[in-house]
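Please treat every number below as a calculation from the coordinates, not as lab data. Everything numeric here is computed off the predicted structure, so don't read it as measured data. Methodologically, a virtual Cβ is constructed for each residue, glycine included, from the backbone with ideal geometry; neighbour enumeration extends over all protein chains shown.
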Amino acid sequence: MARRADLKTLKPGAPKPEQIASVLEQEIRSGVLAFGDRLQSENELVQRFSVSRNTLRKGLEELNSRGLITTKVGIGSFVTFNGQTINDVMGWSKALADVGADTETRLLRIEMMHDSALAERLGITDDSFIAVDRLRLLGQDHKPISIERSRVPLMPELEEVPLKGLRSGSLTQTLRAAGLVADHGEEWADIEMLGETDAALLGCAPGSAFLRTRRLTRGADGRPIEYVTSLLNPAYFALHLEF
């Protein structure tokens, strides 16, 4: 059986997407990939070919145009702010800034805590977490629009965070500086009726309906990096689905 190839095995000069398509075509025609087999995951192919996701996707489009693969569109869900889709992978502050939102962040809490139920849910044995709670406010009126409660498994790289605080006020930057970079994850969304404490923070009546998202991010090795629960004002945020 032929071995898997990479871009180094091809002659230079052709655009990388075309080279990727040619490598995979060789594997399909040689039997390395049999009929009905799945390709490697996007993450695996990006690492294998040392290219960006955009370049890889163009290569897969080329392979699809040659009639050698078919793709099924997966279901994706995205949070929107004032009708614009936002990408919160790099953190809420950057996501909101990218769509032109004038927001500020108020730190409500940063401390050590123990949560055995969450540790069991995440499949880890240590129930020690760093709790980071933040309130987002919009515009000159400082209107509260969201609360985010992050729980980060305690790791040696993060032991001084509760004492020193967040790097540039950003949890995402703090994690990245410690070598903790999100690679994949999952997210859930539902509706929560505000309790008295959250309602007071958000300037709403108790029982008000807010969009609640819960997101778990993991590193490339699969270990959990951050579990964050966000309460989002539905006057500004919504859930957008693609299928």
Computed ³J(HN,Hα) along the stretch 61-68: with the Karplus parameters 6.51/-1.76/1.60, θ = phi - 60°, integer Hz and x for glycine or proline, the list is 4, 5, 5, 5, 5, 7, x, 9
Loop-resident GluC sites (Glu not before Pro) in the stretch 157-243 with no more than 14 other Cβ atoms inside 10 Å, DSSP not H/G/I/E/B, are Glu159, Glu160
Sorted on mean Cβ neighbours within 10 Å (highest first), peptides 137-143, 16-22, 166-172, 127-133 come out as 16-22, 127-133, 166-172, 137-143
Here the relative contact order (percent) of the stretch 168-224, from C-alpha pairs under 8 Å and at least 6 apart, is 38
